[in-house]
1. Determine which member of the set G64, G121 is closer than 21 Å to C12 by Cβ, surrounded by 20 or more Cβ atoms within 10 Å (Cβ to Cβ) and assigned by TED's automatic domain parsing to the domain that holds A273.
2. So which residues in the stretch 144-172 are under 30 Å from A273 (Cα atoms) and either in the same structural domain as V264 (by TED's automatic domain parsing) or not hydrophobic (A, V, I, L, M, F, W, C) (or both), if there are any at all?
3. Quick one: R89 ticks every box in (1) buried (at least 17 other Cβ atoms within 10 Å of the Cβ); (2) in a helix (DSSP H, G or I); (3) away from the ligand (no atom under 15 Å from the Cβ); (4) not assigned by TED's automatic domain parsing to the domain that holds S180 except a single one, so which number is it?
4. Which of the residues that make up the stretch 220-250 are among the acidic types (D, E) and in contact with a Lys or Arg (Cβ under 8 Å, 6 or more places away or on another chain)?
5. With the structure loaded, tell me whether V23 is in a strand (DSSP E or B) and in contact (Cβ under 8 Å) with a residue 24 or more places away in the chain or whether it fails that test.
6. Output the number of residues of the stretch 133-171 satisfying the condition of being more than 18 Å from the chain's Cα centre (by Cα) and within 11 Å of the ligand (Cβ to nearest atom).
7. So, G100, is that one in the same structural domain as R263 (by TED's automatic domain parsing), touching a Pro at 6+ places or on another chain (Cβ under 6 Å) and farther than 17 Å from I27 by Cβ or not?
8. Does the stretch 227-234 contain at least one residue that is crowded, with 22+ Cβ neighbours inside 10 Å and under 30 Å from G58 (Cβ atoms)?
Amino acid sequence: MRIGVLTSGGDCPGMNPCIRSIVRFGIYKGLEVMGIRRGYAGLIDNDIIQMNAGSVSGIIYKGGTILKTARSKYFMEKDGQKKAVENIRKSRIDALIVIGGDGSLRGANVLSKVWKIPVVGVPSTIDNDIWGTDFSIGFFTAVSTALEAIDKIRDTATSHERLFLIEVMGRTCGAIALWSGVAGGAEDILIPEKHTDLDEICDRLEEGRKRGKVSSIIIVAEGNKSGSVFEIASRISKKINYESRVVVLGHLQRGGSPCAWDRVLGTMLGKAAVDALFKGESNVMVGFVNGKIKVSSLENVLNNEKQADLDLYSLNEIMAT
Ligand code: F6P
């Protein structure tokens, strides 16, 4: 059996350990493993290379993806998909493992459902917005990266007695904001899943100042519903006369060496994906739920929304008092 592996969508720390696991476990099981470069775009362009145990040497600690990645618009069209499928057949690839986030798993679903290619997905995104796994590969490294920045900014916020608003990534999901906010002791966290009244935030900040707080940090998820981080900062500053600064962490949250958990998760899910193909499963995603590997149908994964941990949100409100 010959399998193909690709990484698609936004890169994230832990993709490399996952590729390494698929290649090495695949070879251990007697499979031939082909690497498809630049995600679905590479599949369309027939950018396919043979992988061996040596081609994944020295990558476990590296961020990004050695296979490169892309967001291919052409693959969304029937024409692009047809070319991709022709190349899969030409390269005699029997089944495919797709490592990526929501958009990439949608692509995997199409390949499997419409074009009858056996596909297994591996959830890999810093956003942690995928149903069917407690954590996606890359999430904890991104949270740790954001936290490192928050801790540094806290020094300046305290020294200058200022308010800082820090925008973190996550697309429409507030998980990075929530986890980095709780870990960083944020005074407030704005996430898309919870309506936040800016007047209430102002009241809480005022109360904090009365109690002797000399600085404040608000973590703002990029997908929050209260407006741009700059607008929010200026509204709060004006209302309660609190000098503020804005920091947008942006893409520095995507890179960097994967933390221990993302390396182990990538390794476990890579192996699980090969196992699933071996068992003849297709159109599924492997995930990690309640401490165990769980295989879910891609239909379920894509039709269910991962719920935000609102208990964690409430807990932060108590901690920030
Ligand atoms: O999905 C990962 C992510 O980093 C999101 O958090 C963010 O909204 C988006 O990708 C940014 O995408 P791009 O790198 O294409 O600008």
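The values are calculated or read from the model by the stated rules, or taken from the named source; none is laboratory data. These numbers come from a predicted model, not from an experiment. Ideal geometry is used to build each Cβ from the backbone, glycine not excepted, and the neighbour counts take in all protein chains shown.
1. Values: G64 fails: surrounded by 20 or more Cβ atoms within 10 Å (Cβ to Cβ).
Residue meeting the stated conditions: G121.
2. S144, T145, G170, R171, T172
3. It is condition (1) that R89 fails.
4. Of everything in the stretch 220-250, those that are among the acidic types (D, E) and in contact with a Lys or Arg (Cβ under 8 Å, 6 or more places away or on another chain) turn out to be E222, E243.
5. Details: in a strand (DSSP E or B): no; in contact (Cβ under 8 Å) with a residue 24 or more places away in the chain: yes.
So V23 does not fit the description; no.
6. Count: 0.
7. Judged against the criteria, G100 is not a match.
8. No, the stretch 227-234 has no match at all.
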